[in-house]
Every structure is written in structure tokens, then in C-alpha cells.
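Before any comments, here is the structure.
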Amino acid sequence: DSRIAESLCFSGGALKLNAGSFQTIGGRDSQEDRIVQSSPSPYFEGLGVHLLAVFDGHRGSEASEYCARHVEKVLTRCLREAALGKSGDSLDSKKGLPRQALERAFQVLDESFFEAHEGCNAGATSLVC
């Protein structure tokens with residue numbers, strides 16, 4: 001049984017957050033899950049934005065690995081597009097910006113994964129904050 005434990009202290013501006021992760025493979029031959037802990041995220045240009053994400057892989061690690069590698073860049077692009085009103089959706093308030101950007105980021109990740117991995121049956125359930 002292979003186990004991985006990791007902890008990270010996040011701090012930026014007024015926010016201080018302690019986060020940790022623990023993984024165990026169980027009966028599988030390899031770990032299908034991926035975790036992203038980025039503090040502060042280098043893609044958000046000093047804004048003190050922290051990214052925590054868990055990608056629970058299914059039927060292989062291809063989808064969870066792809067999402068973990070690309071989520072920061074895709075989310076950054078979607079946040080910028082939403083802030084500038086380029087996503088095609090109307091934004092009623094700045095309060096809806098993160099939700100709108102996350103929804104679009106997951107659409108982009110889904111579409112680009114299947115373009116890059118045609119015929120792949122792997123999938124991932126995600127939790128991102």
C-alpha cells in the first residue's frame with residue numbers, strides 16, 4: 001500500500017490557511033488521483049490567490065493528470081475573460097465572476113482533454129476552491 005502525505009501553509013494578504021492532503025492507492029496498481037496545492041498561484045500576478053484542487057481519477061489517471069497539469073492556466077484565462085466580458089455570458093455582478101470562470105474552465109478542460117485523448121475512457125471528479 002503506497003501512501004503520500006503532504007501539507008502546505010498558505011498565506012497571502014489577510015488570508016492564512018493550512019491545508020494538507022493524504023493519498024492511498026488501496027487495491028489499485030497505481031494512483032489515479034491528483035492534487036493541486038498552489039499558494040499563491042503564480043498565474044494570478046501577486047493577487048494572493050490560492051488554488052486547491054482534487055481530481056479523483058476513474059478508469060485511469062489520464063483525465064486527473066491532464067486536469068492537474070492544466071487547471072491553473074485554464075482557470076486564469078477564464079477569470080481574465082470573465083472579468084473583461086469576453087466569455088460570451090453576461091455577468092450580473094463581480095460576485096459571480098469566480099463561479100462563471102470555474103464553470104467555463106471545466107468546460108474548456110473537458111473539451112481539450114477529449115481532443116488530446118481521443119478514445120480514452122478515463123474520467124475525473126473534481127473539487128476546486
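Whole-Hz Karplus values for the stretch 108-114 come out as 5, 4, 4, 5, 6, 4, 5 Hz, taken residue by residue from phi with 6.51 cos²θ - 1.76 cosθ + 1.60 and θ = phi - 60°; glycine and proline positions read x. The listed residues 29, 56, 110 rank as 29, 110, 56 when sorted by accessible area, largest first, using a 1.4 Å probe.
The values are calculated or read from the model by the stated rules, or taken from the named source; none is laboratory data. As the structure is a computational prediction, the values presented were derived from the model and not from experiment. Calculation scope for accessible area: heavy atoms of the full protein, side chains included, ligands and nucleic acids excluded. Shrake-Rupley method; radii C 1.70, N 1.55, O 1.52, S 1.80 Å.
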